[in-house]
Amino acid sequence: MVTNNETLINATINYVKQVLNGAEAGHDWWHVQRVHRMAKAIATKEGANVLVVELAALLHDIADAKFHQGDEKIGQEMAASFLHQMHVDETIINDVMHVIQHISFRKTFESNQTEISLACKIVSDADKLDAIGAIGIARTFNYGGYKNRAIYDPSVQPQKYSSALTYVNSSSPTINHFYEKLLLIKDMMWTSTGKELAIKRHAFMEQFLKHFYEEWDFTEQELTHNPPTLK
């Protein structure tokens, strides 16, 4: 029986750490911790129910569908089961499950996104913020390596996905993922706080891509204009 919110949050943290032990590095406990920290801060600023936001942020990736043959129900069932075991109020559970059921990027292909709650918008923003910027870049290449995808192939052009199915089934090079998802995220933020935070991370990705292409297209002429300095 949970006696207070702090006890519940600590129990949830311990549960998530246990379940995600050994998970792919881009979707492990550290990812959840970052999303939890950002979501809590945004919720405080935006005036949302902090408990709902914290629980949803902690449980949102308990069983990511991409690692379970696309089955989105597994994570939802695990989260609901845990909250019921903790004797959480049914209203809170329903609000948390609403977030978990609507947070995935693939849900952006659906037409009813305006119906999601403020808590869902906040956790969604926090989750997407962790997909961009320096950490987003690191996570992207980690997952690309996990899936044994090419880093870059100039002959393969980025795609514009028309459905969640085509997005999920894509196996394009990792660099393409920036154009197919990451560079779109800045304009997908729901909250004013999320939008503000996304601007800096978006700019960092643009700079990364600029340097990436410069290094990819390296020519000996660069040595003439920028001779290395050895110490």
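For the range 5-215, the relative contact order works out to 20 percent when only alpha carbon pairs closer than 8 Å and six or more residues apart are counted. Charges were assigned to the Cβ only: +1 to each Lys and Arg, -1 to each Asp and Glu. The resulting dipole of the range 5-215 about its Cα centre is roughly 480 debye.
Please give the residues of the range 129-143, grouped as numeric ranges, whose backbone N is less than 17 Å from a label point set 7 Å along the Cα-to-Cβ vector of residue 195. It comes to 129, nothing else.
Relative to the current alpha-carbon distance between residue 17 and residue 85, full extension at 0.36 nm per residue lengthens the span by 22.8 nm. Partner aspartates and glutamates whose Cα lies under 14 Å from the Cα of residue 17, excluding those fewer than 8 positions away in the same chain, are identified as 28, 61.
Gain on full extension, evaluated as 0.36 nm per residue between residue 179 and residue 45 minus their Cα-Cα distance, stands at 45.2 nm.
Taken together, the values in this text are just the output of simple stated rules run on the coordinates, not laboratory data. Bear in mind that the values here come from a model prediction, so they are computed numbers and not experimental data. Counting neighbours? That spans all protein chains shown, and the Cβs are built from the backbone with ideal geometry, glycine included.
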